[in-house]
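Heads up: the structure comes next, in structure tokens.
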2 protein chains.
Amino acid sequence: MTLADEMEFLRKYDASQFERPSVTADIVVFTIMDNDLKTLLIKRGQPPFAGYWALPGGFVKMDETIERAAGRELEEETGVEPSEVYLEQLYTFGDPKRDPRTRVITVAYFALVVSSKIQPFVTGREGIKEVRWFSVHNLPDNIAFDHRKIIDYSLRRLKNKLEYTAVGLELLPSAFTLTDLQNLYEAILNEKLDKRNFRKKVLSMGILQPTRRYKKGVHRPALLYMFKRAKSTSTFKSVKFEREP
Amino acid sequence: MTLADEMEFLRKYDASQFERPSVTADIVVFTIMDNDLKTLLIKRGQPPFAGYWALPGGFVKMDETIERAAGRELEEETGVEPSEVYLEQLYTFGDPKRDPRTRVITVAYFALVVSSKIQPFVTGREGIKEVRWFSVHNLPDNIAFDHRKIIDYSLRRLKNKLEYTAVGLELLPSAFTLTDLQNLYEAILNEKLDKRNFRKKVLSMGILQPTRRYKKGVHRPALLYMFKRAKSTSTFKSVKFEREP
DNA sequence: ACAAAAGTGTTCCTAATACACCCATGA
DNA sequence: TCATGGGTGTATTAGGAACACTTTTGT
């Protein structure tokens, strides 16, 4: 049945029979803090799931794209401008019983933000809320709705995506050391990587540009790199780097 | 803003301000016919886009999952039971202007069906419609809405997926020759493959089981294979074979 | 016997892995 | 001078790509 047929059909019946679902955008925000991959959750004040932790999100307005809704909600919770965020649509969850009150279809996104750009205490229009960054490897048990499933899936997607894209760079400041980058990979994949092989691999991608600056610390200074934009002769097929769709 | 906050907020205002979008499921159905990858389009009778070709699809009912809606629409158009179809969520398209009449968010799916299971003349509840299978490499110019973009994206996804899953087997009958399988890959990827390398690769996956039967034709008979279910020691990481999410 | 599709191995090259030591600096 | 993290190379292995001939059958 095409859309047009359906519209035709619709006009012949009582509108209430064609009740529409609510549509929300929920965002799994990832950032690296303390060498660990964290995600943002908000404590719910009202039932259902009062006292449980939920993903940031909200209704999609009639005149905005879904991605824009996600970006807007994200900015409200983290203070990070949408232009400074990597935002990718994850999956649409639409089980009729996922919200006990009414039919809510949610389009889930995952976002990667640089932790230094987060403004620590941002308040929504309902005032201060309890908001926390949780290690993805140590999430609370009381997560609202199907949000645990959404987080798990986004983590899986992020891990996969690390293997064939440079998406990890979205979590680092503009200049970083190779050790920073390796720590990031290790935090996400939750496993140790070999230093020489890791360097060989990321350098062979040709997407990193060495600067002439060094990060000084207690010990030997480390060369800082930057992300090189517009690299054409990658070892990867170009399609893999595309942002969906 | 959390869902709960938003609900709270909602109660204070006129409901019309919180108009809800319509949600549809559209399906890109793929099948192999005449050694070519085809997709199903339906000619629209009414404006907008009267006379244009559109994807099968329709509204998601309040009490059904989105996937079920997609399966239902698919069955109406092809006569193939949902249990006999590979159905995977593709992406959700929500540009406010994608349908000129009203806000319609569509959750796009792609489906793989075995052509022999298709019932050639199925009619929807509006009567006989003009329905055609188009080669994906030769689509009409007049495609309605953003459906061309949806088809292109699903083709890209299918191509990618062929590389790391056994999803192509969903397009073949239960017993098939290696040449059948290779023709299928060539039709989808739109390129010729080396016979020896192809056989080496698919056999090394360990997902094919030789039968003792042969497909007879004009020339030398070809050994028939079947898909071997529940293969554990694959060369691929298990996550890759998972159906999302 | 011949036309046509089925079936089969080897070489080469690239990429992934495993693995251990010297270097530069600040304290 | 020493503790610490920064930085480097080589050998092995596995998988992908290029490439041509023999086998089996029906006509």
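Candidates in segment A:20-60 are the residues that are within 9 Å of another protein chain (Cβ to nearest Cβ) and free of Cβ contacts under 8 Å to residues at least 40 places away in the same chain; of these, the one that is nearest to the chain's Cα centre (by Cα) is A:PRO56. Of a type outside the set (Phe, Trp, Tyr) and closer than 28 Å to A:PRO96 by Cα: does that describe A:ASP141? Against the criterion (of a type outside the set (Phe, Trp, Tyr) and closer than 28 Å to A:PRO96 by Cα), A:ASP141 qualifies. When the test is whether a residue is assigned by TED's automatic domain parsing to the domain that holds B:HIS147 and not in a helix (DSSP H, G or I), B:ALA50 passes it. Among the residues in segment A:106-116, are any out of contact with any helix residue (DSSP H, G or I) (no Cβ under 8 Å at 6 or more places or on another chain), more than 10 Å from chain B (Cβ to nearest Cβ) and over 20 Å from A:ILE151 (Cα atoms)? Checked segment A:106-116: at least one residue is out of contact with any helix residue (DSSP H, G or I) (no Cβ under 8 Å at 6 or more places or on another chain), more than 10 Å from chain B (Cβ to nearest Cβ) and over 20 Å from A:ILE151 (Cα atoms). Checking each residue in segment B:193-222 for being of a type in the set (Lys, Arg) and near DNA strand D (Cβ under 10 Å from one of its atoms) picks out B:LYS195, B:ARG196, B:ARG199, B:LYS200, B:LYS201, B:LYS216, B:ARG220. The set of residues from segment B:204-216 being surrounded by 10 or more Cβ atoms within 10 Å (Cβ to Cβ) and either free of Cβ contacts under 8 Å to residues at least 24 places away in the same chain or within 24 Å of the chain's Cα centre (by Cα) (or both) comprises B:MET205, B:ILE207, B:LEU208, B:GLN209, B:PRO210, B:TYR214. Checked against the criterion of being polar (S, T, N, Q), in the same structural domain as A:VAL85 (by TED's automatic domain parsing), in contact with an Asp or Glu (Cβ under 7 Å, 6 or more places away or on another chain) and at pLDDT 95 or above, segment A:135-147 contains one or more residues that satisfy it. The strands (runs of 3 or more DSSP E) found wholly in segment A:78-185 and carrying at least 3 residues that are buried (at least 19 other Cβ atoms within 10 Å of the Cβ), touching a residue at least 24 places away in the same chain (Cβ under 8 Å) and touching a strand residue (DSSP E or B) at 6+ places or on another chain (Cβ under 6 Å) occupy A:86-93, A:104-112. The set of residues from segment A:186-200 being in a helix (DSSP H, G or I) and closer than 14 Å to A:LYS38 by Cα comprises A:GLU186, A:ALA187, A:ILE188, A:LEU189. Looking at the structure I just gave you, is B:GLU64 within 14 Å of the chain's Cα centre (by Cα), within 8 Å of chain A (Cβ to nearest Cβ) and farther than 22 Å from B:ARG156 by Cα? No; evaluated as a whole, the condition is false for this residue.
For B:PHE49, the conditions (1) exposed (fewer than 14 other Cβ atoms within 10 Å of the Cβ); (2) on the phi > 0 side of the Ramachandran plot are fulfilled apart from (1).
Of the residues making up segment A:219-229, not a single one is in a loop (DSSP other than H, G, I, E, B), within 16 Å of the chain's Cα centre (by Cα) and modelled with pLDDT under 95. Per the listing B:TYR164, B:TYR185, the residue uniquely modelled with pLDDT of 95 or more and either under 22 Å from the mean Cα position of the chain (by Cα) or near DNA strand D (Cβ under 10 Å from one of its atoms) (or both) is B:TYR185.
The values are calculated or read from the model by the stated rules, or taken from the named source; none is laboratory data. It should be emphasised that the depicted structure is a prediction, and the values quoted were computed from it without experimental measurement. Glycine gets a Cβ as well: all are built from the backbone with ideal geometry, and neighbour counts include every protein chain shown.
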